[in-house]
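The values are calculated or read from the model by the stated rules, or taken from the named source; none is laboratory data. These numbers come from a predicted model, not from an experiment. When we count neighbours, we look across all protein chains shown, and the Cβ atoms used for this are built from the backbone with ideal geometry, even at glycine. To get the accessible areas, we keep the full protein, side chains included, count just its heavy atoms, and leave off ligands, DNA and RNA. Shrake-Rupley method; radii C 1.70, N 1.55, O 1.52, S 1.80 Å.
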Amino acid sequence: MAKADTDLANALLEQHVKHEMAALKGAKLRKFLAGEVSELFRLAGEVSLARVVSADQVMGVIRRIVVNMELDGGIPELAGEMATEVMNAPVQAQTPLKDILTREQATAFLEEALELRHQRERVISEVMAHPVYQELVANVVYHGLVNYLYEDNLLAKNVPGVGSMMKFGKRFANRAVPGLDETFERRLKGWLSDSLPGLIARSEQFLHKALSDEELHDTVMAAWVAVEDRTIDDLKTGMGDVELQEFVVLGYEFWLHFRQTAYFEGCCRAVVDHFYTKYGQRPVTDLLADVGVTEDVVLAEVDALALPLVDLLRQEGYLEGLIRRRLEPFYRSAAVAKILQPPA
């Protein structure tokens with residue numbers, strides 16, 4: 001390219017850069033973005049979601065970003081610090097629980113939970129059948145019987161000296177018949193073992209009747225009334241910064257394992273498949289409308305975020321540099337040189 005042609009190309013480049021910089025500012029930029037948003041919404045009304053991005057592509061993003069991406073160790077540390085800042089913020093001591101969850105909302109959640117009667121009965125049955133609970137019942141009954149026999153029965157309480165005589169008789173009998181205590185305990189525990197299934201069954205029947213919807217509703221709401229005026233700071237008493245950060249670390253370690261499980265993969269696949277069954281062949285605007293995204297919503301965010309960001313990029317020189325990087329190869333190209341060469 002001759003020097004004259006190069007100078008002309010450079011002059012055209014400078015004018016083009018000025019034109020673009022002027023267009024990407026103030027009212028002109030706002031008008032341009034509004035027009036592009038309108039065009040994108042028009043196009044979204046004609047193009048289906050599956051044409052924009054497929055279900056397999058979405059699953060690929062989930063696998064790459066959510067499942068397989070290596071997460072730096074600073075993430076749990078930062079999360080722990082943020083959780084600590086939140087829990088120690090002044091708003092915790094200024095906000096009563098009822099400002100976060102109203103009594104009406106708590107009642108609605110409770111009433112919905114009470115509809116899960118079958119699940120509640122199943123939980124009670126499973127708790128009753130657990131060996132730890134059965135051992136607890138056996139020990140409570142055993143110690144209650146022994147305590148009653150030697151200390152708390154009506155005869156020992158109402159007749160002076162009888163309690164002491166019964167304890168003395170127990171010690172005397174043990175000296176006369178060594179091992180009597182062990183024999184009594186073994187037989188009593190044997191009786192408890194035989195009687196335990198019936199005791200558990202009656203306990204379960206009692207709980208099913210006692211934990212009626214009305215009783216549970218009244219009990220839970222009474223507990224709610226007792227705490228709804230307390231601040232969040234009061235309710236977190238005993239949860240120090242160290243304990244909170246340990247919970248954050250445990251949650252982070254759980255997530256690292258959970259995201260690699262087949263269960264997580266299956267859940268993601270079920271959600272994505274259903275999503276595309278419902279929206280895949282429909283225009284993108286159907287999805288946007290269902291989640292409440294309109295042109296006005298997008299333009300509000302353009303005003304709030306996009307315009308200030310473009311202003312910052314202009315101030316830092318990035319915007320002009322970007323325009324030049326895009327235009328210079330064109331104005332240095334052979335195609336432009338050919339256009340600028342005077343005809344022979």
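Look through segment 292-344, keep the residues that are more than 27 Å from Lys31 (Cβ to Cβ) and of a type in the set (A, V, I, L, M, F, W, C), and return whichever of them is surrounded by the fewest Cβ atoms within 10 Å (Cβ to Cβ).
Ala344
Could you please tell me which pairs satisfy a Cβ distance under 7 Å, a separation of 6+ or placement on different chains, a first residue in segment 275-288 that is more than 7 Å from Ser48 (Cα to Cα) and open to solvent by 40 Å² or more (accessible area, probe 1.4 Å), and a second residue that is modelled with pLDDT of 95 or more and not in a loop (DSSP other than H, G, I, E, B)?
Asp286/Tyr279; Leu288/Ala44
Within segment 23-37, can you find the residues that are in a helix (DSSP H, G or I) and open to solvent by less than 50 Å² (accessible area, probe 1.4 Å)? First the steps, then the outcome.
Initially, segment 23-37 is screened for residues in a helix (DSSP H, G or I), giving 23, 26-37.
If the condition is that a residue be in a helix (DSSP H, G or I) and open to solvent by less than 50 Å² (accessible area, probe 1.4 Å), then Ala23, Gly26, Leu29, Leu33, Ala34, Gly35, Val37 are the ones that fit.
Please find, within segment 240-263, the residue that is farthest from Lys98 (Cα to Cα) out of those that are open to solvent by less than 80 Å² (accessible area, probe 1.4 Å) and among the aliphatic types (A, V, I, L, M).
Leu256
Exactly one condition in (1) assigned to a helix (DSSP H, G or I); (2) in contact with a strand residue (DSSP E or B) (Cβ under 9 Å, 6 or more places away or on another chain) is false for His16; which is it?
(2)
Does Gln15 fit the bill of being closer than 30 Å to Cys267 by Cβ and free of Cβ contacts under 8 Å to residues at least 60 places away in the same chain?
The answer is no for Gln15.
Being among the acidic types (Asp, Glu), free of Cβ contacts under 8 Å to residues at least 40 places away in the same chain, over 28 Å from Glu253 (Cβ atoms) and surrounded by 11 or more Cβ atoms within 10 Å (Cβ to Cβ): is that true of Asp56 here?
no
When only residues in segment 1-22 that are open to solvent by less than 80 Å² (accessible area, probe 1.4 Å) and of a type in the set (S, T, N, Q) count, which is nearest to the chain's Cα centre (by Cα)?
It comes out as Asn10.
Spot the failing condition for Glu46; the list is (1) touching a residue at least 60 places away in the same chain (Cβ under 8 Å); (2) in a helix (DSSP H, G or I); (3) out of contact with any Asp or Glu (no Cβ under 6 Å at 6 or more places or on another chain); (4) farther than 20 Å from Leu327 by Cβ, and only one is missed.
(2)
Among the helices (runs of 4 or more DSSP H) lying completely within segment 84-147, list those that include at least 3 residues that are open to solvent by 80 Å² or more (accessible area, probe 1.4 Å).
The helices (runs of 4 or more DSSP H) meeting that bar are 103-114, 117-129, 131-147.
Which members of segment 230-264 meet the condition of being free of Cβ contacts under 8 Å to residues at least 40 places away in the same chain and not in a helix (DSSP H, G or I)?
Thr237, Gly238, Gly240, Thr261
Looking only at segment 287-344, how many residues end up being of a type in the set (A, V, I, L, M), part of a helix (DSSP H, G or I) and either farther than 16 Å from Leu13 by Cβ or modelled with pLDDT of 95 or more (or both)?
Step one: list which residues in segment 287-344 are of a type in the set (A, V, I, L, M), which gives 287-289, 291, 293, 297-300, 302, 304-307, 309-310, 312-313, 319, 322-323, 327, 334-337, 339-340, 344.
The next check asks that each one be part of a helix (DSSP H, G or I); those that pass are 287-289, 297-300, 302, 304-307, 309-310, 312-313, 319, 322-323, 327, 334-337, 339-340.
Those still in the list that are either farther than 16 Å from Leu13 by Cβ or modelled with pLDDT of 95 or more (or both) too: 287-289, 297-300, 302, 304-307, 309-310, 312-313, 319, 322-323, 327.
Matching residues across segment 287-344 total 20.
Considering only segment 59-78, state which residues are at pLDDT 85 or above and not in a loop (DSSP other than H, G, I, E, B).
Result: Met59, Gly60, Val61, Ile62, Arg63, Arg64, Ile65, Val66, Val67, Leu78.
Take Thr237 and tell me if it is among the polar types (S, T, N, Q) and open to solvent by 40 Å² or more (accessible area, probe 1.4 Å).
yes
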